[in-house]
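Engineer: Provided herewith is a single structure, encoded as structure tokens, for subsequent inquiry.
Throughout, read-outs are computed from the coordinates displayed, never taken from laboratory work. Since the model is a prediction, treat every value here as computed from it, not as a measurement. Cβ placement follows ideal geometry from the backbone for every residue including glycine, while neighbour counts extend to all protein chains displayed.
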Amino acid sequence: MKKTGLIPLTALGILATASPSFAQELNALVWCDHTDPELVAPFEEKFGVKVNVKEYEGTAAGLAILDQSQPGDWDVMVIDAVDVGRAVEAGKLAEIPADALPTADFFPELVMPANNTVGGKTYAVTEKFGYNTISYDKTKVDPADMQDMAALTGGKYDGRIGIYDYYLPVLGLVALGQGLNTADIDAGTLPSLKEPLMKLRASAKQVSDVVSAQTALATGEVDIVVGGGEWLTAVLAADNPNLDWTIPKQGGLRWAQSIGVVAGTTQPDLALEFVKYIVSPEGQARLATASCYWGMPANAKAGEGLTAEQKAVLRWDEQPEFLKRAQLYPIPDAATDTAMQDMWTEMLNQ
Amino acid sequence: MTLEAKERRLGWGLVTPALVWTGAFFVLPFAAMVVLSLAHMEGRAVVYGVDAGNYVRAFTDWTMAKALLNSLEITVIVTVVSVLLAYPLAAIIAFRVPARWQRLALLLAVLPFWTSYVVRSYSWLLVLGQNGVVNKALLGLGVIAEPLEIASTRMATVIGFVHFFVMLLTLTIYANLIQLSPNYMRAAQDLGASKWQTFRHVVLPLTLPGVVTGAFLTFVLCIGDYITPQILGGNTELTLPQLIMLQMGRSGNFPLASALSVVLMGVVTLAYFLSAKWLRLDRV
């Protein structure tokens with residue numbers, strides 16, 4: 001062998017031995033809050049594994065990723081609580097033993113068996129929740145106005161409103177504004193939401209995703225975000241104490257995200273351990289204050305791992321009242337869901 | 001074997017890897033997308049068949065047709081403005097900047113390329129915002145009394161696009177300009193042509209191929225872009241790529257998304273044939 005060939009080979013060898021190697025890797029399809037390294041570090045250290053996270057947006061996109069993957073490519077998945085049934089129907093989630101989960105320590109409203117179980121079997125567990133309601137800059141708007149959704153289309157705040165770009169909670173809020181419960185949104189009642197939705201859009205400056213909505217509120221581009229909540233403002237609280245949120249008199253929506261084990265995983269035990277870690281008090285405290293967005297932990301014992309300041313930002317003590325006034329996301333059938341999305345698309349292009 | 005046959009065989013040998021790559025990663029996936037575009041949804045399941053319903057909807061549903069119109073309008077505006085800004089910049093670099101500094105000048109002109117596309121778009125959002133650099137400067141100079149609404153509008157989208165495509169067009173036009181022999185311009189001026197006449201009748205026609213090529217690339221990249229309208233446009237109007245993403249990311253309506261994508265490909269193909277005809281590529 002020529003001597004010149006030894007140098008690149010030696011370099012490769014050094015690189016190979018210098019790189020840290022893990023015996024196992026866990027692959028997780030997640031939302032952006034799970035990409036915080038502080039969240040997964042304790043789990044990685046305890047089990048000597050590497051957690052690879054891939055962020056996705058939209059349940060359809062997540063299910064499409066699973067469709068295009070081989071069994072065993074993914075181990076755990078974070079999913080909107082309203083879509084657990086959809087994922088189970090598509091054969092994407094594996095059953096998990098209910099007795100392995102600390103749901104007895106959860107806020108009772110967040111056990112959500114109707115969402116997380118199918119046919120009596122548990123397929124996911126709630127890990128985080130919050131509210132889609134009204135976020136605002138209390139130095140720019142009258143907080144009293146924010147207690148009534150009618151103020152949003154009254155003309156006073158035209159051009160200063162942002163709408164969170166997610167059709168389910170915003171249509172739910174529009175429904176509440178019309179005196180319609182979210183559970184009553186169906187093919188028959190949906191058309192009645194079109195006019196108020198378009199009216200809201202006409203008052204708004206923009207319709208934006210999580211990051212754009214946060215940026216807009218923080219920079220003063222908009223003063224109100226419809227569909228916002230603690231998830232929008234809490235992560236900005238330290239630098240922007242002027243940002244606040246409230247549930248108006250008509251009510252708000254409660255969002256919840258669940259985590260489950262992906263069907264076909266080649267390491268079901270490790271995947272279950274990750275789920276158990278996420279819903280443990282330590283995991284829950286870290287998840288509640290993870291970067292990207294904050295939210296309330298489903299496990300009430302997570303409070304022991306949160307500071308007084310963090311609890312104040314999350315409004316820990318006010319949760320019982322908020323939970324009473326918040327309704328769940330609409331869970332439309334496939335046809336109504338399509339109609340809702342078509343209405344949303346029409347609104348975006350108005 | 002004749003020399004011609006050998007050269008032909010060598011040519012095929014050189015081009016075959018690219019053909020195989022294109023076939024495997026473009027032609028086949030595109031064919032699969034066309035097949036999918038003729039399917040339809042029943043509930044959440046895709047049902048394959050031969051159904052042109054998605055194409056009919058793409059042109060008869062006003063929301064979808066408007067998205068296509070929005071894309072075309074924005075793309076044409078961006079292409080024209082970018083050409084008008086890039087040509088003088090390329091000409092200054094080619095003819096005014098000393099040869100030893102041209103490379104540095106080009107490097108500075110394309111420096112924004114070094115930033116992530118998404119980061120650049122968000123940066124523009126901050127610059128164009130109500131409390132951004134532009135408004136603060138104009139308010140401070142007394143040019144305006146109230147902040148301008150630029151962010152989350154079509155103008156912000158166009159500015160973000162133009163910022164990017166001026167760099168691209170500067171390169172293509174510069175490459176054309178630098179190859180012009182200065183003797184052409186000297187000859188024109190010797191014959192009594194003014195500078196404007198020299199530019200109009202000599203320089204511009206000779207550099208149009210570079211302009212048209214750059215404009216075509218701008219058109220293709222702009223009309224298919226999703227990020228810039230999504231971030232800078234504030235969803236105040238939908239473009240076709242955003243509509244496609246909505247179908248894929250939320251509705252899971254892949255047949256409709258595929259049909260819209262084929263329509264987009266059709267528009268790009270039409271632009272190609274128009275450019276090729278103008279450039280007379282069939283005679284190359």
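Engineer: Report the charge-dipole magnitude of the stretch A:110-227 in Debye, nearest 20, computed about the Cα centre from +1 at each Lys and Arg Cβ and -1 at each Asp and Glu Cβ. Please list the in-between numbers first.
Structural biologist: Working: 10 positive and 13 negative charges, 19 e Å.
The calculation lands at about 100 debye.
Engineer: Pick from A:126, A:117, A:307: which is most flexible by mean-square fluctuation in a GNM of chain A where alpha carbon atoms under 10 Å apart are linked?
Structural biologist: A:307
Engineer: Please state the relative contact order of chain A as a whole percent: Cα pairs under 8 Å, 6+ residues apart? Could you put the intermediate results ahead of the total?
Structural biologist: Details: 619 pairs, mean separation 88.6, N = 350.
Once divided by the residue count of chain A, the mean separation gives 25 percent.
Engineer: Order by neighbour count: B:220, A:51, fewest other Cβ atoms within 10 Å first, most last.
Structural biologist: On the way: B:220 18, A:51 24.
Arranged by neighbour count, lowest to highest, B:220, A:51 become B:220, A:51.
Engineer: Can you give the FRET efficiency to the nearest 0.05 for residue A:35 and residue B:274, using r as the Cβ-Cβ distance and R₀ = 51 Å? All intermediate terms of the calculation are to be shown ahead of the outcome.
Structural biologist: Numbers: r = 44 Å, r/R0 = 0.87.
With R0 = 51 Å, the Cβ-Cβ based efficiency is 0.70.
Engineer: Classify the stretch A:238-350 from the C-alpha gyration tensor, please: rounded if a/c falls under 1.5, else prolate or oblate depending on whether a/b exceeds b/c. Please report the intermediate quantities before stating the final value.
Structural biologist: On the way: a/c = 2.06, a/b = 1.11, b/c = 1.85.
The shape class here is oblate.
Engineer: Okay, moving on. Under a Cβ-Cβ limit of 4.7 Å, which cysteines in the protein assembly as shown have nobody to pair with?
Structural biologist: Singleton cysteines: B:222.
Engineer: Of B:141, B:126, B:177, which has the largest mean-square fluctuation in a 10 Å C-alpha GNM of chain B?
Structural biologist: Checking each option, the largest mean-square fluctuation is seen for B:141.
Engineer: Let me ask something additional. So what is the relative contact order for the stretch B:38-126, in percent, with contacts set as C-alpha pairs under 8 Å and at least six apart?
Structural biologist: Details: 31 pairs, mean separation 9.9, N = 89.
Here the relative contact order equals 11 percent.
Engineer: What lysines could a cross-link reach from residue A:46, if we take a straight Cα to Cα line under 19 Å and drop same-chain neighbours fewer than 8 places away?
Structural biologist: The qualifying lysines are A:276.
Engineer: Within 10 Å of each Cβ of A:335-345, how many other protein chain Cβ atoms are there on average?
Structural biologist: Numbers: counts 1, 0, 5, 6, 0, 2, 6, 5, 1, 3, 11.
Per residue, the number of nearby Cβ atoms from other chains is 4 on average.
Engineer: Same structure, new question: Would you mind working out the magnitude of the charge dipole of the stretch A:182-326 relative to its Cα centre, with +1 at each Lys and Arg C-beta and -1 at each Asp and Glu C-beta, to the nearest 20 Debye?
Structural biologist: Details: 13 positive and 17 negative charges, 70 e Å.
Its charge dipole is roughly 340 debye.
Engineer: Hey, got the dipole for the protein assembly as shown? About the Cα centre, +1 on K and R Cβ, -1 on D and E Cβ, debye to the nearest 20? Intermediate values should be presented prior to the final figure.
Structural biologist: Details: 45 positive and 58 negative charges, 659 e Å.
With only Lys, Arg, Asp and Glu charged at Cβ, the dipole is about 3160 debye.
Engineer: For residue A:140, which lysines qualify as cross-link partners when the Cα separation must be under 28 Å and same-chain residues fewer than eight apart are set aside?
Structural biologist: Correct list for residue A:140: A:156, A:199, A:205, A:249, A:311, B:136.
Engineer: If a/c stays under 1.5 just call it rounded; otherwise compare a/b with b/c (prolate if a/b is bigger, oblate if not). Do that for the stretch B:48-173, with a ≥ b ≥ c from the square roots of the Cα gyration tensor eigenvalues. Write out the running numbers ahead of the final one.
Structural biologist: Working: a/c = 2.56, a/b = 1.39, b/c = 1.85.
Since a/c reaches 1.5 but b/c is at least a/b, the shape of the stretch B:48-173 is classed as oblate.
Engineer: Going through the stretch A:211-293, which trypsin sites (Lys or Arg not before Pro) have at most 12 other Cβ atoms within 10 Å and a DSSP loop state? Could you put the intermediate results ahead of the total?
Structural biologist: On the way: sites: A:249, A:254, A:276, A:286; in loops: A:249.
The qualifying sites are A:249.
Engineer: Here's another thing I want to ask about it. How many percent of the alpha carbon pairs in the protein assembly as shown exceed a separation of 37 Å? Please report the intermediate quantities before stating the final value.
Structural biologist: On the way: 94768 of 200661 pairs.
Tail fraction, whole percent: 47.
Engineer: Here's another thing I want to ask about it. What helices does chain B hold that run 24 Å or longer along their axis, going by alpha-carbon atoms, with a Kyte-Doolittle average of -1.0 or more, using DSSP H for the helix calls? Provide the component values of the computation, followed by the final result.
Structural biologist: Details: long enough: B:3-22 (28 Å, 0.08); B:62-91 (43 Å, 1.51); B:154-177 (32 Å, 1.57); B:204-223 (27 Å, 1.99); B:254-279 (36 Å, 1.66).
Going by DSSP H runs, the hits are B:3-22, B:62-91, B:154-177, B:204-223, B:254-279.
Engineer: Springs between alpha-carbon pairs under 10 angstrom, Gaussian network model over chain B: which of B:12, B:114, B:21 fluctuates most?
Structural biologist: The residue that fluctuates most here is B:12.
Engineer: Across peptide B:224-235, how many C-beta atoms of other chains are within 10 Å of each residue C-beta, on average? Can you show the working numbers first?
Structural biologist: Working: counts 0, 0, 0, 0, 0, 0, 4, 5, 1, 3, 12, 13.
Per residue, the number of nearby Cβ atoms from other chains is 3 on average.
Engineer: Additional query: Hey, which aspartates and glutamates would be in cross-link range of residue A:324, C-alpha to C-alpha under 16 Å, not counting anything within fewer than 8 residues on its own chain?
Structural biologist: A:109
Engineer: Work out the P(r) tail for the stretch A:156-274: percent of alpha carbon pairs separated by more than 21 Å, whole number. Can you show the working numbers first?
Structural biologist: Numbers: 3404 of 7021 pairs.
Of the Cα pairs, 48 percent sit more than 21 Å apart.
Engineer: Next question, about the same structure. Once you put a point 7 Å from the Cα of residue B:6 and another 7 Å from the Cα of residue A:238, both along the Cβ direction, what distance in nm separates them?
Structural biologist: Calculated label separation equals 7.2 nm.
Engineer: Next question. At a 10 Å Cβ-Cβ cut-off, how would you order A:208, B:37, fewest neighbours first? Write down the numbers at each step before the final one.
Structural biologist: Values: A:208 28, B:37 23.
Arranged by neighbour count, lowest to highest, A:208, B:37 become B:37, A:208.
Engineer: Averaged across A:161-168, how many Cβ atoms of other chains sit within 10 Å of each residue's Cβ atom? Intermediate values should be presented prior to the final figure.
Structural biologist: On the way: counts 0, 3, 2, 0, 5, 1, 2, 1.
Counting Cβ atoms of other protein chains within 10 Å of each residue's Cβ and averaging gives 2.
Engineer: Using the per-residue mean of other Cβ atoms lying within 10 Å as a proxy for protection, in what order, highest first, do the peptides B:195-201, A:313-319, A:229-235, B:89-95 fall? Intermediate results must be reported in sequence, preceding the final value.
Structural biologist: On the way: B:195-201: 12.9, A:313-319: 16.6, A:229-235: 25.0, B:89-95: 19.4.
Averaged packing, sorted descending, gives the order A:229-235, B:89-95, A:313-319, B:195-201.
Engineer: Something else about it: Taking the C-alpha atoms of chain B, how large are the radius of gyration and the largest Cα-Cα span, Dmax, in Å?
Structural biologist: Cα only, chain B: 23.4, 80 Å (Rg, Dmax).
Engineer: If you don't mind, there's one more thing I want to ask. Considering Cα pairs under 8 angstrom that are at least six residues apart, work out the relative contact order of the stretch B:158-284 and quote it in whole percent.
Structural biologist: Working: 74 pairs, mean separation 30.0, N = 127.
Taking the mean separation of contacting Cα pairs over the length of the stretch B:158-284, I get 24 percent.
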